[in-house]
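In what follows, a single structure is set out as structure tokens and then discussed.
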Amino acid sequence: MHKVIIPIGPQHPALKEPESFRIQLSGERITGFSVKLGYNHRGIEKACEERTYLQDVYLTERICGICSHAHSTAFTQAVEEIAALAVPKRALYIRTLIGELERIHSHLLWLGVAGHEIGFDTLLMYTWRDREVVMDILATTTGNRVNYGINTIGGVRRDISLAQVKDILKAVDILEERTKYYIDISTKETTMIKRLSGVGVLSHKDAVRLGAVGPTGRASGVDRDVRRDDPYAAYGELDFNVITDDHCDVYGRAVVRLKELMESYRLIRQILKNMPEGPIAVKAPRKIPAGEAVSRYEAPRGEDVHYVKSNGTDKPERVKVRAPTLANVQTVAKMLEDGQLADLPIVIAAIDPCFSCTDRLISIKDTKSKKTNILMWDDLHSYSVKWYRDKGIDFTKLNRKLQGKMS
Amino acid sequence: MIRPGKMLKEVLETIFKKPATVNYPHDKSGMPDHFRGAIKFIPQNCIGCKLCVKDCPANAITINKVGDKQFECIIDMGKCIYCGQCVDSCMKKALEITKEFELAQLDREKLKVTFHAVPAPATPPKDDLKPKA
């Protein structure tokens, strides 16, 4: 049959973020798939080098709008390791609490998106309505619905009061009941089981080979979770199960996320019961001694890795972020192999992608001379100026005008 | 145990429930107690140490000296990310978080809010000091 290549994105109604996919089709069947990242590159790593450590906490928080606590905790953990700060236990417990609340809101959000992608919008409406319960709790405990701003270097910024503990417990009870209902739905409702089973299959072998992380890996039987394997914050003192599944398809990924929700409720109850009294932060120095650290965090989407290198000043020398989607995005090509075009949105959505967290500019390969160059900041600037000039757009006048305005 | 229409009961029940949303802007559910909204400046407390300016991740704060121990503050609400770090950094409680969140403007310039310095209490006229005859 004649082969057709369809470009999906960078702008496409099925995509929530700008990202480009090229799909080779033979009829309705997918025979080739490639991803092009980079439409959402924001230069956050570079911007981190221009700001102080304290300012970077808020900047790294804005890497992702949904797992914002994951990124800011991973960053602060790395800085605290370099500065050898002894973070108070209560602060670690509060961090863990917010982390689990964030996991609940992220997984409920995913369930809604997955429902929407398979045309089951009733599920979207219900899960997102129930998600408001946890969003309200996050707003009362931290001061905001997203970008909580609870972390600071050396601890957390806000304490949890007894009244808040009661509110959280009440909310967890409501959410647990609702999640039980969703588990019941997804294991019995024909629409979901038939639509999701056997779609986007990723075998255990492929999941290990491609380095799948988080629920994507765990749904293929990869028994890995940073919370258990390399405990951070208060996870070492808490009892929880790592959920794995051997369905290896989108249905398995839905089941893993739903069961993880139940584990999160258990964790929150333990945290609130065992939370020690005491201070919530230690004073952190503005200048961090020279050194480097790697910090890992189990974000709702998988393992999040931050690397921080300091040089003794109040600004980091290098910050590197490996968002979970970068580890999972390669698996999509394998999942779609020999799949149907109509399965594409749900298969992509099933890894819970967050492309703007992932986008990095690392190197540019010249296909003619086989040379790889790394563009520096100034090169990038002159390249952009030249690129626009070649297209007949000149910003010189506007630039002068703006500079005149500033001075 | 697979059966279709598992959600039907819930769907029918929802018809008789109140909507989950509120009728904004006529009905405002309000913000929680410690919500981080717009930042307020209290000129009387400011000593001009500029720690807030140094710590602001968005460079949204400008503090100008306008007189002896008098400072005015310009906060660019368009730049502000409402993290509240300036409030934590301030040692003299010259900055405060308010619950205000409806801050949209049509003009970018209007987003810059200036908190003017309060003039020092006028020195009482000398006549008052003199014992009345």
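The values are calculated or read from the model by the stated rules, or taken from the named source; none is laboratory data. Since the model is a prediction, treat every value here as computed from it, not as a measurement. We place every Cβ from the backbone using ideal geometry, glycine too, and count neighbours over all the protein chains shown.
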*Inter-residue pairs, beta-carbon under 9 Å, first modelled with pLDDT under 90 and in the range B:108-130, second of a type in the set (Gly, Ala, Ser), 6+ apart*: B:ARG108/B:GLY78; B:ALA117/B:GLY67; B:PRO119/B:GLY67; B:ALA120/B:GLY67
*Does B:CYS49 satisfy the criteria of being in a loop (DSSP other than H, G, I, E, B), out of contact with any strand residue (DSSP E or B) (no Cβ under 8 Å at 6 or more places or on another chain) and either exposed (fewer than 15 other Cβ atoms within 10 Å of the Cβ) or free of Cβ contacts under 8 Å to residues at least 60 places away in the same chain (or both)?*
yes
*Can you name the residue in the range A:123-136 that is away from chain B (no Cβ under 11 Å) and crowded, with 22+ Cβ neighbours inside 10 Å and is also farthest from A:GLY200 (Cα to Cα) among such residues?*
A:VAL134
*Wholly within the range A:310-407, which helices (runs of 4 or more DSSP H) include no fewer than the required count, namely at least 2 residues that are exposed (fewer than 14 other Cβ atoms within 10 Å of the Cβ) and either at pLDDT below 85 or among the aliphatic types (A, V, I, L, M) (or both)?*
A:377-390, A:396-406
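Given the options A:LEU175, A:LEU169, A:LEU202, name the one that is of a type outside the set (Ser, Thr, Tyr), crowded, with 20+ Cβ neighbours inside 10 Å and either part of a helix (DSSP H, G or I) or within 14 Å of chain B (Cβ to nearest Cβ) (or both).
Just a single option satisfies the conditions, and that option is A:LEU175.
Of all residues in the range A:147-166, which are touching a residue at least 60 places away in the same chain (Cβ under 8 Å) and either in a helix (DSSP H, G or I) or within 11 Å of another protein chain (Cβ to nearest Cβ) (or both)?
Within the range A:147-166, A:ASN147, A:TYR148, A:GLY149, A:ILE150, A:ASN151, A:THR152, A:ARG157, A:ARG158, A:ASP159, A:VAL165 meet the criteria.
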*Right, A:ALA139: among the small types (Gly, Ala, Ser), part of a helix (DSSP H, G or I) and more than 11 Å from chain B (Cβ to nearest Cβ) or not?*
no
_For the range B:52-91, which positions are crowded, with 18+ Cβ neighbours inside 10 Å, away from chain A (no Cβ under 13 Å) and out of contact with any strand residue (DSSP E or B) (no Cβ under 8 Å at 6 or more places or on another chain)?_
B:CYS90
_So the check is Cβ under 7 Å with 6+ separation or different chains; which pairs have a first residue in the range A:194-222 that's without any contact (Cβ under 8 Å) to a residue 40 or more places away in the chain and farther than 13 Å from A:TYR251 by Cα and a second one that's surrounded by 21 or more Cβ atoms within 10 Å (Cβ to Cβ) and among the hydrophobic types (A, V, I, L, M, F, W, C)?_
A:VAL222/A:ALA207; A:VAL222/A:ALA212
*Consider only pairs whose beta carbons are under 6 Å apart and that are at least six residues apart or on different chains; among these, list those whose first residue lies in the range A:316-336 and is without any contact (Cβ under 8 Å) to a residue 40 or more places away in the chain and whose second residue is of a type in the set (Val, Ile, Thr) and part of a strand (DSSP E or B).*
A:ARG322/A:VAL305
*Tell me, which helices (runs of 4 or more DSSP H) lie completely within the range A:16-122 with 2 or more residues that are closer than 24 Å to A:PRO215 by Cα and within 14 Å of chain B (Cβ to nearest Cβ)?*
A:53-61, A:68-83, A:89-117
